[in-house]
Amino acid sequence: MSNEILNTLLKEYDQKKLKAELEAEERKKALYEKFPRLQQIENELNSFAIQTAKNILNTDSTSKLEKEKELQEKVEKLKFEKVCILQEHNLDANYLKPFYECPFCQDTGYIVTGNSKSEMCNCLKQKLLDISFNKSNMSNLDKENFDTFNENIFSDEVDISKYRYNISPRTNIRNIKQKCIEFVENFDNPNYKNLLFSGNTGLR
């Protein structure tokens, strides 16, 4: 997969993320105008966050723990009040948060693992796979697969001078089909050999 395709997808992700966050801001603005108490709660929560940071820097360990506990209790009460206001008006508790298409990576395309390393999210992997799939001309797998494969279109005639085999093309294609099935069934087996197709362009 080329970097150009990945970069194009990441730009789309940036646009989706920005759109979700702008829409959340619009919902928040409209709701704050309708219910000013929600705006007050948001301001108080932000104020408590600043106070907590100051306490960590400016107070001794004993006072710090007491202050943090006090502030945390106030924060929890405000959050509970916020949820209650939303529920009273039949709104989900997450109504003011961005509605990301992917809740795992929040439309960034990447997630942070347990060892603090960043890795590609499954949603981005799937998009890359879909693009590869579409480029592989395999979009008709529901019609073109092992079950629908018609071996009768191949000759049952054995002609070494013509086909260079002492078996018929039909028998040969049956053998090839079986090898392909075995390859698919053992795809995840690292000890199983790969397949190599060769021949002139256009042959099948």
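The values are calculated or read from the model by the stated rules, or taken from the named source; none is laboratory data. Values in this document were obtained by computation on a predicted structure and should not be read as measured data. Glycine also receives a Cβ, built like all others from the backbone with ideal geometry; neighbour counts cover every protein chain displayed. Keep in mind that these areas ignore ligands, DNA and RNA; they rest on the heavy atoms of the full protein, side chains included. Shrake-Rupley method; radii C 1.70, N 1.55, O 1.52, S 1.80 Å.
With the structure loaded, tell me whether Leu71 is aliphatic (A, V, I, L, M) and within 14 Å of Arg37 (Cβ to Cβ) or whether it fails that test. Break it down into steps so the answer makes sense when it comes.
Details: aliphatic (A, V, I, L, M): yes; within 14 Å of Arg37 (Cβ to Cβ): no.
No.
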Checklist entry - Does Ala49 meet the test of being at negative phi, at pLDDT 90 or above, assigned to a helix (DSSP H, G or I) and small (Gly, Ala, Ser)? => result no
Next on the checklist: Please go through the stretch 20-52 and give me each residue that is open to solvent by less than 40 Å² (accessible area, probe 1.4 Å), out of contact with any Asp or Glu (no Cβ under 8 Å at 6 or more places or on another chain) and among the aliphatic types (A, V, I, L, M), ordered by number.
Outcome noted: Ala24, Leu31, Leu38, Leu45
Checklist entry - Within the stretch 124-143, is even one residue over 30 Å from Asn3 (Cα atoms), open to solvent by 90 Å² or more (accessible area, probe 1.4 Å) and charged (D, E, K, R)? => result yes
Checklist entry - Among the residues of the stretch 96-118, is there at least one that is at pLDDT below 90 and more than 30 Å from Leu9 (Cβ to Cβ)? => result no
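Among the residues of the stretch 79-110, write down those that are among the basic types (Lys, Arg) and more than 27 Å from Lys127 (Cβ to Cβ).
Hits for the stretch 79-110 are Lys79, Lys82.
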